[in-house]
1. Can you pull out every residue in the range B:471-485 that is touching a helix residue (DSSP H, G or I) at 6+ places or on another chain (Cβ under 8 Å) and either under 25 Å from B:Thr343 (Cβ atoms) or not hydroxyl-bearing (Ser, Thr, Tyr) (or both)?
2. Suppose we keep only residues that are in contact (Cβ under 8 Å) with a residue 24 or more places away in the chain, open to solvent by 30 Å² or more (accessible area, probe 1.4 Å) and touching a helix residue (DSSP H, G or I) at 6+ places or on another chain (Cβ under 9 Å) within the range B:246-286. Which one would you say is farthest from B:Trp303 (Cα to Cα)?
3. Could you say which residue among A:Phe382, A:Phe368 is of a type in the set (Phe, Trp, Tyr) and more than 9 Å from chain B (Cβ to nearest Cβ)?
4. Return the residue satisfying two criteria in turn: it lies in the range A:385-399 and is assigned to a loop (DSSP other than H, G, I, E, B) and more than 8 Å from chain B (Cβ to nearest Cβ), and of such residues it is nearest to A:Asn344 (Cα to Cα).
5. Got a sec? Which of A:Arg490, A:Arg403, A:Arg433, A:Arg415 is among the basic types (Lys, Arg) and under 30 Å from B:Glu133 (Cα atoms)?
6. Which one of the conditions (1) in contact with a strand residue (DSSP E or B) (Cβ under 8 Å, 6 or more places away or on another chain); (2) open to solvent by 10 Å² or more (accessible area, probe 1.4 Å); (3) part of a helix (DSSP H, G or I) does B:Thr222 fail to meet, given that it meets all the rest?
7. Quick check on my filter: what residues within the range B:74-106 are open to solvent by 50 Å² or more (accessible area, probe 1.4 Å), under 15 Å from A:Leu396 (Cα atoms) and more than 31 Å from the chain's Cα centre (by Cα)?
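The values are calculated or read from the model by the stated rules, or taken from the named source; none is laboratory data. Nothing here was measured: the structure is a model prediction, and the numbers come from that model. Reconstructed Cβ throughout: ideal geometry from the backbone, glycine too, with neighbour counts over all protein chains shown. The protein model used for the area step is the full one, side chains on, heavy atoms only, and it has no ligands, DNA or RNA in it. Shrake-Rupley method; radii C 1.70, N 1.55, O 1.52, S 1.80 Å.
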Protein chains: 2
Amino acid sequence: MYALPCGAMPCAKLLCCFCCCQLREGGGTSYGGDDGGSLRPMDAEQLRECGHRMVDFIADYYKSIERFPVLSQVQPGYLKELLPDSAPNRPDTLDTLFDDIREKIIPGVTHWQSPSYFAYYPSNSSTAGFLGEMLSAAFNIVGFSWITSPAATELEVIVLDWFAKMLKLPSQFLSDAPGGGVIQGTASEAVLVVLLAARDRTLKKHGKKSLEKLVVYASDQTHSALQKACQIAGIFPENFRVVKADCSKNYAVAPEAVTEAISVDLSSGLIPFFICATVGTTSSSAVDPLPELGNIAQGHDMWFHIDAAYAGSACICPEYRHHLDGVEKADSFNMNAHKWFLTNFDCSLLWVKDRSYLVEALSTYPEFLKNKASQANSVVDFKDWQIPLGRRFRSLKLWMVLRLYGVENLQSYIRNHIQLAEHFEQLVLSDSRFEVMTPRIFSLVCFRLLPPTSDHDGGRQLNYDLMDTANSSGKIFISHTVLAGKFVLRFAVGAPLTEEQHVDAAWKLLQDEATKLSGSA
Amino acid sequence: MYALPCGAMPCAKLLCCFCCCQLREGGGTSYGGDDGGSLRPMDAEQLRECGHRMVDFIADYYKSIERFPVLSQVQPGYLKELLPDSAPNRPDTLDTLFDDIREKIIPGVTHWQSPSYFAYYPSNSSTAGFLGEMLSAAFNIVGFSWITSPAATELEVIVLDWFAKMLKLPSQFLSDAPGGGVIQGTASEAVLVVLLAARDRTLKKHGKKSLEKLVVYASDQTHSALQKACQIAGIFPENFRVVKADCSKNYAVAPEAVTEAISVDLSSGLIPFFICATVGTTSSSAVDPLPELGNIAQGHDMWFHIDAAYAGSACICPEYRHHLDGVEKADSFNMNAHKWFLTNFDCSLLWVKDRSYLVEALSTYPEFLKNKASQANSVVDFKDWQIPLGRRFRSLKLWMVLRLYGVENLQSYIRNHIQLAEHFEQLVLSDSRFEVMTPRIFSLVCFRLLPPTSDHDGGRQLNYDLMDTANSSGKIFISHTVLAGKFVLRFAVGAPLTEEQHVDAAWKLLQDEATKLSGSA
């Protein structure tokens, strides 16, 4: 069992004595009143005491994060054995809770913030983002309409404009144009809301019974979130057109293939209405040809969406901005600040060129939500730009990241990860037992251990075993994909604590495991 | 301008000196490195320093929360005048940021945690919930699949089982049955996912082209989230059947009216497939007759959903549990722990009787997410129970609320608010100028100032003005609805800091404003 050195910090002890002695009785503090009437669940001094203890617990967690296995090694059902089967009638102490977090919860955590986390794409935490989460949880507002906390809506509008300028998005995406930005929870929700906007825009023209004719175009490298969005929106499954990406172009889609698919569909009487392009695909961080796809979309009056969930962050650097060329032809653009931009999950940024389509598809206005500001049409009510009604004050954390780090540092942060990925790529290239599978564009390296020519499944099991033994060691966490039928390992640099030493150690581990596997083969 | 007394606390000063002197240079600490390479966005000691400062800031906020206007009094566009129009290139100091939060953000916050907040329904914060948010933000995992943090999925399964037992839900809703519970962001998402499950279950039987025939039933008191879910799911607008609630039954729906609507639709060749009942409607906290509606749904093989977003919390008290009688006939049940259960937003609990319908409607399984545990079918992957792929570790905060307060205290907490609402109701009844509009069931009182018989609009403007002047005073925040054409004021008790003195002060304010309005009429 991996134990946190928590409670041993002089700071934590000092805090307990200093702030909270009046709350303490005996060995542990109980936070429920002894009778219900005395429960003070939002007592400022209790919040202060407990909050300080939690800060120390968390700082200690980060201090010792390298001591935990990156990928949790527990077995399914482990926690049920450790917890009671019903909620306690009487309150527990915070000390007991901390013990349980150390002993029962943390072993089941996969440490996305570990410097040796290289799986999927990153999920960045940072001090600034964390402070933003704290403050948002403290205000605990529900910002569905402007009036329910004007600062929440207005700060969101402002930081999304800031971000659009950092990305050099066309001015139509700014809030003083017919467009504007909004924070969604995830890229899945972003693509869903624009798909709905596009669907309803098209149905308005063709009649609602033409739903069965609507066709969506994407590549086989497009994130599965689009397929799910189509399921939700009622797009007929046979009208979700998956165009095979071009392996000669690093798995970007070939515009000609899209044009051809559209022609076939048009001649069948179907209605092409939505193209999704990706900047930084999930499998290999491929970049679809935006200008060509944008032209196709415009030529057929289709909605053009760009998913730059991961790679959008890199495009704040001038030397990577060219990957967004063509965005001026898009109807909507999405990137996740919670992936590689130091903003704690969730914070997915969506811009649209014409917000009226979103509002038309997603607005409701019951009596109980009516208010002066909304009725005067002088404000934005973000409830009409998203799936849920309620929404958190998420702009705070993004604002804090931008303020406390500044654009130049954020650019350097991105560049540093890309350099580390380049370094890893060089290491792979230097070992003839391995091959790099696609040209590295951002901070993801796709590679594999070359199988013997006689290998029965083309290296699938060999590379699966390499990944599995590496992950089971607890020392790193990497994930995989399949490209052109080949099982490929993905090494995505992007955790906030990752340094060159972690990349080197990961590579050494992979080399050592490869040697063992080759020896036993 | 209302200023926080922050920075004046000896505790905060001590912390700065004690923990962080090595980080400080000159007057303020900059949290970006001076060159990009040195940016350490997740340095444990910096997190500790800044986290402690934020805890003190937040505790001070709660200490002084009564000094702020409950409803923000800013004008639309106020923040744009106060902030620059692009992100800073160089980092700001935390001191500057705190100044901006005090001077620019807080004036635009509507204080949902104020003890004098009585609008809409509450959004509870608590020390335990806040600690859970902190820890969740610290781990910052993305728990789409079991493997991405087994503790996140398993703790969620366990606490939802605990909660189901607290509510005495039938055993089919527990995780060891074919059912189970899951945390959604909001009740809007909860009703959307079950509507999609029901839609796809029905389409499977009738063929996907029958979408245009599917009919949804609800009352005119059902939350607008259902209408929005129907829009999203592609239910034809003319097939969203809004049955007028029965004003003689406190605006609960009459089952006979639903039966009649179904008969008409059946004879038109339509397919009734979904009934939504509410326990605690948004306007007046009415309770629909669950057993009768359940029978109707079962008789027609329809999905029966219960929305108890607000009033579900009360049903953990034995004396209110009878409001859930009939839940055994439901396919799905939803309540919001983030409303009136001390769990910070967002945390909406959804249980289904047969999870396979959710999974069938919402699952995708791309190669890059495949893993041993999921493929062995030995675990739950909550990505297939919800709209987004990514998800936060939200069970932590609910677990902490249950652990640190205990069921008995939580029951007392609820009862206390209901008693305060009863007290307010008595106050209204004692003043013949006012009338109570519906029998109070939980902690909401619907009332209005009686208009003179000659009043041109039946008291609409009079009560609007009463609400507006009260809210504009900054002393309280209440909201309104319309019942049977009458403009009605809603007084919802449920903020964690509310005590009898706040209810009394609110009533006094309303009485005084009523006197002024009557005098000027």
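1. The initial filter retains those residues of the range B:471-485 that are touching a helix residue (DSSP H, G or I) at 6+ places or on another chain (Cβ under 8 Å), namely B:473, B:475-484.
Within the range B:471-485, B:Lys475, B:Ile476, B:Phe477, B:Ile478, B:Ser479, B:His480, B:Val482, B:Leu483, B:Ala484 qualify.
2. Across the range B:246-286, the extreme among qualifying residues is B:Gly269.
3. Details: A:Phe368 fails: more than 9 Å from chain B (Cβ to nearest Cβ).
Only one candidate passes the filter, namely A:Phe382.
4. First pass over the range A:385-399, keeping only residues assigned to a loop (DSSP other than H, G, I, E, B): A:386-394.
Subsequent filtering for residues that are more than 8 Å from chain B (Cβ to nearest Cβ) retains A:386, A:391, A:393-394.
Values: A:Gln386: 20, A:Arg391: 16, A:Phe393: 13, A:Arg394: 9 Å.
Checking each candidate, the answer is A:Arg394.
5. Numbers: A:Arg490 fails: under 30 Å from B:Glu133 (Cα atoms); A:Arg433 fails: under 30 Å from B:Glu133 (Cα atoms); A:Arg415 fails: under 30 Å from B:Glu133 (Cα atoms).
Only one candidate passes the filter, namely A:Arg403.
6. Unmet for B:Thr222, out of (1) in contact with a strand residue (DSSP E or B) (Cβ under 8 Å, 6 or more places away or on another chain); (2) open to solvent by 10 Å² or more (accessible area, probe 1.4 Å); (3) part of a helix (DSSP H, G or I): (3).
7. Answer for the range B:74-106, where residues must be open to solvent by 50 Å² or more (accessible area, probe 1.4 Å), under 15 Å from A:Leu396 (Cα atoms) and more than 31 Å from the chain's Cα centre (by Cα): just B:Thr96.
Per-residue answers, yes or no, for (1) under 22 Å from B:Cys247 (Cβ atoms); (2) among the acidic types (Asp, Glu); (3) open to solvent by 40 Å² or more (accessible area, probe 1.4 Å):
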| site | (1), (2), (3) |
| --- | --- |
| B:Tyr405 | no, no, no |
| B:Glu425 | yes, yes, no |
| B:Val428 | yes, no, no |
| B:Thr438 | yes, no, no |
| B:Ser454 | no, no, yes |
| B:Asp457 | yes, yes, yes |
